[in-house]
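The values are calculated or read from the model by the stated rules, or taken from the named source; none is laboratory data. Since the model is a prediction, treat every value here as computed from it, not as a measurement. Reconstructed Cβ throughout: ideal geometry from the backbone, glycine too, with neighbour counts over all protein chains shown.
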Amino acid sequence: ALWGGAASLPAPRRGQRGASAGAAEAAEAAPPGAPCGGAGYEPHLGWHVAGASAAPSGISEARLLRDVLHALQGVESACFRLSESEGRFRVSPSCVLSRPVWLMVQRMLELGSLRLRLAKATDVARADVGGRSLLHQALCEAVCEQLQDYSRLLVLLLAGSEAAPEAGAPELTLRRLWSRLLAPLGRVRLLAGLCDACGPLLGGALASAVHGFSRVGDAPARGACAAVLRRVVKPLLAMIRAWMTEGELQDPCGEFFVCADGSVPLEDLWTSMYSLEVEMVPCFVSLELARKILLTGKSVNFIRLCCPGQDWLLAAAGEEGPSPPAGASTGASGGPAAAVVASPSAPQSRGGEGSPAAPTAPAGGGGSTRRSAWGDEWHLPDLGVRVEQAAQRTNRHLVSLLLDRFALGEHCLALRRFMLLGQGDFAEGLMALAAPELCRGAAEVQRHQLLGIVDMAVRQSNAQFCPPDVLARLGVKLLAPSAGECGWDVFLLDYAVDAPLHVVFTAAAMRQYDRAFAFLWRLRRVSHALAACWSRHMALQRHLVSCAPQLRNRAPELELEMRQTLHRSTCLRNEMQHFVQNVNSHVMCEVLETSWAQLQADWQACADLDEVILAHQRYLARIEEGAFLTPKAEPILTQLGALLGLALEFTELHGQVCASAFEAVDLALRGPGGEGLGPLARSLAECRAQLDQIGAGFLVRLQALLRALEAQPALRHLSADLRFLLCRLDFNAYYELRRAAPTGEHAWPG
């Protein structure tokens, strides 16, 4: 069909001109059977080539026709010799032709020379034992098929020239042969140009070049190149099929646009092992489709290698799936894989080294079932549909595995409960139990003791009802201690994560959890310490109320000093408690709760593992932004740290005040005339001065924090939550009014 037949070859199109058409028209005057060279040919075909007047006797057209047909098959004859140096046929010096015939013969000999060049190129490529390129081999096979059709045409023409003409059938002449070779000449020129263009290319670039030739405007040329393209893309489509359905890279020559790095450890399979070579992606595969192919193959390998007890291929072969595209037949098993990748034809193995190996069944049987279920061959027209179906099914199965079989949501909830202190009774119990141990120096803290404390806190709270697998992963991590640090500074909770959840809870993600835990743990520690201050203050207040008449009679100056000091301490504690509670409420409600709700909604809409990972990364990013843990919010975090440090300093001073007050009351009640109360009164006065200093520093720091919150451009997308926090921190404009006060007025009022 591509080359025509002996009886029905395309005639030259009307208006087709040039040297070849002119030569054919110039030969119209010659009668059939007339000689084509020598002096006797002058009246019919015009002038000779140089030296024709001394040439031998003329050559018959039948002989010239036979020799031309032989030359077109690559066979030398008396009239035409092969020039090895030039790689083409030349007219023998002993053969003298008139110029019109010579021009016509030269055009026909070009066809033979091109055929020789194509045959030589394909023979060299097929003789390459190592197989430089599977797509090159497929191109050579396609060209060989085209040349076989061309050879069959020449055989038919040669047989027609040697046989006696039938009654009424036109005799084959040189002019008719040339008219019938016009279409094959254009076809062979196209193939030669295609081979020249594809020579230095590999993989997707080669397929793109062939695809470009198949988009030309000439319909016959487009059909020929489309046939070549179908053969060329077969190895590439086989690579795509094997990668997407079995996770195998059948790419011995490095032509596939998906490449693997064997040095990457298995735990980094999803993030680093496989990558996309953009320059190897053919032009008929969009980057979006190529990324989907990469993602689907990664998903198959992740299921098989990182999900214990899972074999996606065997499981998929036994389930029901969506219908295949129109025109595609399913395999014998009728499974979902058949619906995705089935093909009506069996694969054609080229054999030899470098050919893609047939997929092998895994241990446990089912090889034939898998082969019939997944199909054998893909085709270019329905590539997008097949990729989309395979990607949807594989990615949906992987997401379902992580969320259901491996309880991704449950483990993320456990991280929220423990690492983000969402389990309030556990956090309070752990704070109370671990305080004596964490108050020691950082180098003196023992991990095994903290593990016991964590276990005790779990058993004393509702966290004991968590699944055993979750509780078994909970642990303790101690940072490297520095000089002057205590146990509070190096203590972190830890949560062990293994495959396949490690792809979501990566090392970087766990470091983000650690930073969030350190901030929330310090915030909870300050809140717990202020609550303990209130408890001690209430105990002291009840004691003072019970003995107030006696104290007022025996030591009225001490009673007045104590009352003023405790009043200032109460005011400062209330101010700090108000600040800490509002910051804690902002983080726990506006940040953690809303981020968790958004994560649940995002995971419900995820179509692949990358979207699951991205949703979790956005979840952690929202937490870090809301808790001011990002580098852009460093000024705010600095002020927060300073305020929390002042609050802890206040709790220590408050403990000294309460201890001094208890001691002074007991001494005043026991001792006669208030003897020995002078040092205690001076101690309370010193504590009051320190309270004034802490209060002034807290005021300055809090005003700086409010200014930083108002002016932070990096947090404008959180403006609603920040405005609400600002409103709660300064609901009565107290700090705004004090902002313009002189430095001397920063002292805490009496």
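Quickly run through the range 525-536 and pick out the residues that are buried (at least 17 other Cβ atoms within 10 Å of the Cβ) and aliphatic (A, V, I, L, M). Listed by number, the residues that qualify are 526, 529, 530.
Would you confirm whether or not the range 233-241 contains a residue that is small (Gly, Ala, Ser) and in the same structural domain as residue 391 (by TED's automatic domain parsing)? Yes, that holds for at least one residue. Scanning the range 572-604 for residues that are aromatic (Phe, Trp, Tyr) and over 15 Å from residue 620 (Cα atoms) returns a single hit, 579. Filtering the range 201-254 down to residues that are polar (S, T, N, Q) and part of a helix (DSSP H, G or I), which residue is surrounded by the most Cβ atoms within 10 Å (Cβ to Cβ)? Result: 245. For the range 238-281, a residue qualifies if it is polar (S, T, N, Q) and without any contact (Cβ under 8 Å) to a residue 60 or more places away in the chain, and the qualifying residues are 263, 272, 275.
Here is a yes/no grid of residues against (1) modelled with pLDDT of 75 or more; (2) within 53 Å of the chain's Cα centre (by Cα); (3) among the β-branched types (Val, Ile, Thr):
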{"site": "655", "(1), (2), (3)": "yes, no, no"}
{"site": "664", "(1), (2), (3)": "yes, no, no"}
{"site": "669", "(1), (2), (3)": "yes, no, no"}
{"site": "676", "(1), (2), (3)": "no, no, no"}
{"site": "687", "(1), (2), (3)": "yes, no, no"}
{"site": "702", "(1), (2), (3)": "yes, yes, no"}
{"site": "705", "(1), (2), (3)": "yes, yes, no"}
{"site": "729", "(1), (2), (3)": "yes, yes, no"}
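Could you list, in sequence order, all residues of the range 142-154 that are more than 12 Å from residue 122 (Cα to Cα) and either in contact with a strand residue (DSSP E or B) (Cβ under 9 Å, 6 or more places away or on another chain) or in contact (Cβ under 8 Å) with a residue 60 or more places away in the chain (or both)? Across the range 142-154, the qualifying residues are 149, 150, 151, 152, 153, 154. If you go through the range 563-618 and keep only what is of a type in the set (S, T, N, Q), surrounded by fewer than 19 Cβ atoms within 10 Å (Cβ to Cβ) and over 26 Å from residue 637 (Cα atoms), you end up with 564, 570, 600, 604.
Out of 414, 427, 442, I need the residue that is surrounded by 14 or more Cβ atoms within 10 Å (Cβ to Cβ) and out of contact with any strand residue (DSSP E or B) (no Cβ under 7 Å at 6 or more places or on another chain). Which one? Before the answer, list the steps.
On the way: 414 fails: out of contact with any strand residue (DSSP E or B) (no Cβ under 7 Å at 6 or more places or on another chain); 442 fails: out of contact with any strand residue (DSSP E or B) (no Cβ under 7 Å at 6 or more places or on another chain).
Going through 414, 427, 442 in turn, just one is surrounded by 14 or more Cβ atoms within 10 Å (Cβ to Cβ) and out of contact with any strand residue (DSSP E or B) (no Cβ under 7 Å at 6 or more places or on another chain): 427.
For (1) more than 24 Å from residue 728 (Cα to Cα); (2) touching a Leu at 6+ places or on another chain (Cβ under 6 Å); (3) touching a residue at least 24 places away in the same chain (Cβ under 8 Å); (4) charged (D, E, K, R), each residue gets a yes or a no:
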site	(1), (2), (3), (4)
575	no, no, yes, yes
583	no, no, yes, no
587	no, no, yes, no
590	no, no, yes, yes
614	yes, no, no, no
642	no, no, yes, no
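Just one residue in the set 205, 192, 209 is among the small types (Gly, Ala, Ser), within 31 Å of the chain's Cα centre (by Cα) and over 16 Å from residue 380 (Cβ atoms); that residue is 205.
Checking each residue in the range 537-548 for being surrounded by fewer than 18 Cβ atoms within 10 Å (Cβ to Cβ) and modelled with pLDDT of 80 or more picks out 538, 539, 541, 542, 543, 544, 545, 546, 547. Taking the range 66-81 as the range and being without any contact (Cβ under 8 Å) to a residue 40 or more places away in the chain and closer than 18 Å to residue 171 by Cα as the test, only 67 passes.
Within the span defined as the range 463-474, one or more residues are under 22 Å from residue 587 (Cα atoms), outside the structural domain of residue 398 (by TED's automatic domain parsing), surrounded by 12 or more Cβ atoms within 10 Å (Cβ to Cβ) and not hydroxyl-bearing (Ser, Thr, Tyr).
Among residues of the range 495-516 that are surrounded by 18 or more Cβ atoms within 10 Å (Cβ to Cβ), those with a Cβ under 8 angstrom from a residue that is outside any helix (DSSP H, G or I) and among the small types (Gly, Ala, Ser), sequence gap 6+ or separate chain, pair up as 495/475; 516/627.
Tell me yes or no: at least one residue of the range 290-306 is closer than 27 Å to residue 213 by Cα and part of a loop (DSSP other than H, G, I, E, B). Checking the range 290-306: not a single residue is closer than 27 Å to residue 213 by Cα and part of a loop (DSSP other than H, G, I, E, B).
Without any contact (Cβ under 8 Å) to a residue 60 or more places away in the chain, closer than 23 Å to residue 637 by Cα and buried (at least 20 other Cβ atoms within 10 Å of the Cβ): does that describe residue 487?
Numbers: without any contact (Cβ under 8 Å) to a residue 60 or more places away in the chain: yes; closer than 23 Å to residue 637 by Cα: yes; buried (at least 20 other Cβ atoms within 10 Å of the Cβ): yes.
Yes.
Within the range 681-700, no residue that is within 28 Å of residue 556 (Cβ to Cβ) and outside the structural domain of residue 645 (by TED's automatic domain parsing) sits with its Cβ atom under 7 Å from a residue that is aliphatic (A, V, I, L, M) and modelled with pLDDT under 90 at 6+ positions apart or across chains. Filtered by the rule that a residue be surrounded by 16 or more Cβ atoms within 10 Å (Cβ to Cβ) and closer than 17 Å to residue 233 by Cα, the range 255-284 gives 255, 256, 257, 258, 280, 281, 282, 284. Assess whether residue 450 counts as being more than 26 Å from residue 483 (Cβ to Cβ) and either at pLDDT 95 or above or within 26 Å of the chain's Cα centre (by Cα) (or both). It is false that residue 450 is more than 26 Å from residue 483 (Cβ to Cβ) and either at pLDDT 95 or above or within 26 Å of the chain's Cα centre (by Cα) (or both).
I'd like the full set of residues that are assigned to a loop (DSSP other than H, G, I, E, B) and more than 30 Å from residue 471 (Cβ to Cβ), limited to the range 375-418. First the steps, then the outcome.
The first filter runs over the range 375-418 and keeps only residues assigned to a loop (DSSP other than H, G, I, E, B), leaving 375-382, 406-407.
Once the filter is applied, which keeps residues that are assigned to a loop (DSSP other than H, G, I, E, B) and more than 30 Å from residue 471 (Cβ to Cβ), the range 375-418 yields 375, 376, 377, 378, 379, 380, 381, 382.
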